1. For the chain, with only Lys/Arg (+1) and Asp/Glu (-1) charged at the beta-carbon, what is the dipole magnitude about the Cα centre, in debye rounded to 20?
2. In the full protein assembly as shown, how much of T18 is accessible to a 1.4 Å probe, in Å² to the nearest 10?
3. Among G75, G47, G12, which one moves the most in a GNM of the chain with springs linking Cα atoms closer than 10 Å?
4. At 1.4 Å probe size, with the rest of the protein present, what percent of the exposed accessible area of the chain is carbon and sulfur atoms?
5. Find the accessible area per residue for the chain; the probe is 1.4 Å, ligands and nucleic acids are left out, and the unit is Å².
Amino acid sequence: MDILSVILIIAGLCLFETITSIDNAIINAEVLSTMSERARRWFLVWGLSLRIRGSRVSALAELVWLSTPTLGPIGALTATLLRATRWS
């Protein structure tokens, strides 16, 4: 794979992530406008933070597992969580 292919793939993934993030923000804003103040606060504090952290941990664990299959799923999750605690 040459460098141009790598650059195009990375640029495409960045564009895709940007578009889906904007779309997600619009949908969240629409849903939040229909909620009560208490439900809105709960969603913003707990719902988003748990979802963001959960998806990042699961994606990282999957990448670790795919790159080192001998760890197995539990070993990959453990390695991911041990590494994630160092980032905090």
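The values are calculated or read from the model by the stated rules, or taken from the named source; none is laboratory data. Remember, it's a predicted structure, so these values are computed and weren't measured experimentally. Glycine gets a Cβ as well: all are built from the backbone with ideal geometry, and neighbour counts include every protein chain shown. Surface accessibility is based on the protein's heavy atoms, side chains included, excluding ligands, DNA and RNA. Shrake-Rupley method; radii C 1.70, N 1.55, O 1.52, S 1.80 Å.
1. That gives the chain a dipole magnitude of about 500 debye.
2. For T18, solvent-accessible area is about 80 Å².
3. Maximum among the listed residues: G12.
4. Values: 5190 of 7410 Å².
On the chain, the fraction of accessible area on carbon and sulfur atoms equals 70 percent.
5. I get 84 Å² per residue for this part.
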